[in-house]
Amino acid sequence: EALLTATGVTKSYGATPALRGVDVTVAAGEIVAITGPSGCGKSTLLHCLAGILRADQGSIVYRDQDINLWSEASRSRLRRTEFGVLFQFGQLVPELTAVENVALPLLLAGSGRREAGEAALGWLDRFGVADLAEQRPGAMSGGQQQRCAAARALVTEPRVIFADEPTGALDQLNGEQMMTAMVRAVREQDSSLVLVTHEASIAAYADREIVLRDGAADPSGIGIPG
Ligand code: ADP
Ligand code: ADP
């Protein structure tokens, strides 16, 4: 059953068309990879689906409502509650420790300090970085920071997680460990995951691959060679 359905989505940056009418459906519990060559519109599509960018035309229906028509405030609230977002570079708050970073979305959602801290520690543990709980991002490697960022994206148990090249800054081993932990969490929670990647080994974690070429879905669906 469709949880998120984008229909006829177009988006331009000034005179540069990035999306030329894309249709995407994401089912509850499904993991979808958006792939295709650099500049084909992957990031733009993900940002439109997540309600970060507003599509010029088309609809993005989540649970029977077209969120593309919603106010910025409503879209922002949706991203804090039912959606989770993860970027290539985790963008942790440098002044906060790992556990404070991961607890932050729960505190913003109204959880108590103790409850948020305990949940955050549990998520750091699932991503193999519980021992870094009291460290600030500056004292961690890129891979460790990205594991914390993934924990932060999942701590609110969102219905849909949107990840833009989540392993793009990681080596092969770190990338695969991150994906394994993310997929396990997504399956346990019965969340959906939409991820952008240019790596075949990462797209292989998805149930389904959507290939973009020049701002449109490629019906041949031939993804990343090799
Ligand atoms: P991908 O993620 O597949 O690399 P993007 O969605 O980032 O593709 O970009 C799609 C097209 O839109 C490209 O031609 C890119 O140069 C252009 N583009 C993306 N972001 C912007 C922006 N902020 N301003 C202008 N053009 C942009
Ligand atoms: P990615 O595709 O991995 O998200 P990009 O390198 O395509 O990253 O884009 C990084 C940032 O630069 C994004 O905010 C994007 O919107 C912006 N951007 C991409 N292409 C252009 C462009 N041609 N002109 C202006 N901004 C761009």
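The values are calculated or read from the model by the stated rules, or taken from the named source; none is laboratory data. Keep in mind that what you see is a predicted model, and the values were worked out from it rather than measured. Neighbour counts run over all protein chains shown; Cβ positions are idealised from the backbone, glycine included. Side chains are part of the model used for accessible areas, which takes the heavy atoms of the whole protein and leaves out ligands, DNA and RNA. Shrake-Rupley method; radii C 1.70, N 1.55, O 1.52, S 1.80 Å.
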Subject >> Cα gyration tensor shape of the range 104-201, rounded if a/c is under 1.5, else prolate or oblate by comparing a/b with b/c >> reply: oblate
**OP:** Express in nm, to one decimal, how much length is gained between V93 and D66 on full extension, taking 0.36 nm for each residue of separation and deducting their alpha carbon distance.
**Re:** 6.5 nm
Original post:
Among residues other than R187 whose Cβ falls under 13 Å from its Cβ, what is the net charge (Lys/Arg +1, Asp/Glu -1)?
Top reply: -3
**OP:** Would you kindly state the longest site-free stretch of the chain, with sites defined as GluC sites (Glu not before Pro) in a DSSP loop (not H, G, I, E, B) surrounded by at most 13 other Cβ atoms within 10 Å?
**Re:** 2-94
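With a sphere of radius 14 Å drawn around the Cβ of E82, what net charge do the other residues whose Cβ falls strictly inside it have (Lys, Arg +1; Asp, Glu -1)?
On the way: positive: R63, R75, R77, R79, R80, R159; negative: D64, E157, D190.
Counting the neighbours of E82, the net charge comes to +3.
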**OP:** Just name one of L193, Y13, A149: the one whose Cα is farthest towards the positive end of the charge dipole of the chain (beta-carbon charges, Lys/Arg +1, Asp/Glu -1).
**Re:** Y13
Original post:
What percent do you get for the relative contact order of the chain when only Cα pairs under 8 Å and 6+ apart count?
Top reply: 29 percent
**OP:** Please find the FRET efficiency linking E157 to T25, where r is the Cβ-Cβ separation and R0 is fixed at 25 Å, and quote it to the nearest 0.05.
**Re:** 0.65
**OP:** Could you please state, rounded to a whole Å, how far the C-alpha centre of the range 1-31 is from the C-alpha centre of the range 188-216?
**Re:** 13 Å
**OP:** State whether the range 1-72 is rounded, prolate or oblate according to the following rule on the C-alpha gyration tensor (a ≥ b ≥ c being the square roots of its eigenvalues): a/c under 1.5 gives rounded; otherwise a/b larger than b/c gives prolate, and the remaining case gives oblate.
**Re:** oblate
**OP:** Can you send over the carbon and sulfur percentage of the accessible area for the range 1-151, probe radius 1.4 Å, protein chains only?
**Re:** 50 percent
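Rounded to the nearest 20 Debye, what is the dipole magnitude of the range 20-139 about its Cα centre when Lys and Arg each give +1 and Asp and Glu each give -1 at the C-beta?
Values: 12 positive and 14 negative charges, 52 e Å.
So the dipole magnitude of the range 20-139 works out to roughly 240 debye.
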Original post:
Among G51, V183, C40, whose Cα lies farthest out toward the positive end of the dipole of the chain, if unit charges sit on the beta carbon of Lys, Arg (+1) and Asp, Glu (-1)?
Top reply: G51
Subject >> Ellipticity estimate at 222 nm from DSSP helix runs (n ≥ 4, -39,500 (n - 2.57)) divided over the chain, nearest 500 >> reply: -10500 deg cm²/dmol
**OP:** May I ask for the net charge around P17, where only other residues with Cβ less than 12 Å from the Cβ of P17 are counted and Lys, Arg are +1 while Asp, Glu are -1?
**Re:** 0
Subject >> Cα-based shape type of the chain, given that a ≥ b ≥ c are square roots of the gyration tensor eigenvalues and the cut on a/c is 1.5 >> reply: prolate
**OP:** Pick out, in residue order, every one of the chymotrypsin sites (Phe, Trp or Tyr not before Pro) in the range 22-117 that is DSSP loop and has at most 15 other C-beta atoms within 10 Å; say none if there are none.
**Re:** F89
